[in-house]
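Any read-out appearing in this document is the output of simple, stated calculations on the displayed coordinates, not a laboratory observation. Every value quoted in this text rests on a predicted model; they were computed, and no experiment measured them. Reconstructed Cβ throughout: ideal geometry from the backbone, glycine too, with neighbour counts over all protein chains shown.
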Amino acid sequence: MQVDDPAGVADTLIVERYRYLLRQIEAVNESSHRFLRIYQTLATTLVGAALALYTGWAEWDIDPNAARMGIIGLLILVTMVALFTAGMVVIGILTWIDYRREECDLLDQHVAPGFRSRPDVRNMPRWYELYVVAFIVVSVVALWLLASMLVLPTVS
């Protein structure tokens, strides 16, 4: 339904909506970087604390069982941070897809059908977020493997 719009209010609103969508898409892209920085900072701090506990437990006269439990507790915290970060990145991907679809709908309606192609999950190998999540998963698995094979057996 077209409304008589002599002042061009509808056109202005459409342009503003498009600008809003572009800003939201940019914000979603930036949030992935923020979450990766948070993960790197917290993981480095927690792993550093676990390594400090590993290297200092005997000197600090800490019971070996308490030291092992402390190391495991710190690795659990790293895992929780990793799960949160990976989850937020995945949510960011889904949010980005929604905004891009809305952008495509707006352009289809007001510019031309098919003016901008819709997001395609077959392009996922080109999405850097996939590699961020893969890095997080691989780093946590590596931490647990290294801790269980090299660190925890020597705390006795």
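Couple of notes before you dig in:
- Here the peptides 81-88, 8-15 are ranked by packing, the mean other Cβ count within 10 Å, and the order with the highest first is 81-88, 8-15.
- Relative contact order [Cα under 8 Å, 6+ residues apart], region 45-156, whole percent: 32 percent
- Here r is the Cβ-Cβ distance between Met149 and Leu94 and R0 is 41 Å; the resulting FRET efficiency, rounded to 0.05, is 0.70.
- Mean projection of the Cα convex hull over all viewing directions, computed for the chain: 12.5 nm².
- A Förster radius of 35 Å, combined with the Cβ-Cβ distance separating Phe84 from Gln109, puts the computed FRET efficiency at roughly 0.40.
- Counting only Cβ charges, +1 for Lys and Arg and -1 for Asp and Glu, the dipole size of region 9-154 around its Cα centre is about 260 debye.
- Added length on full extension, which subtracts the Cα-Cα distance from 0.36 nm per residue, Arg17 to Trp127: 37.1 nm
- Summed residue charge, Cβ within 14 Å of Arg116's Cβ, Lys/Arg positive, Asp/Glu negative: -2
- Here the gap between Met69 and Ser31, fully extended at 0.36 nm per residue and compared with their Cα-Cα distance, gives a gain of 10.3 nm.
- A quarter of the convex hull surface defined by the alpha-carbon atoms of region 103-156 gives 5.3 nm² as the mean projection.
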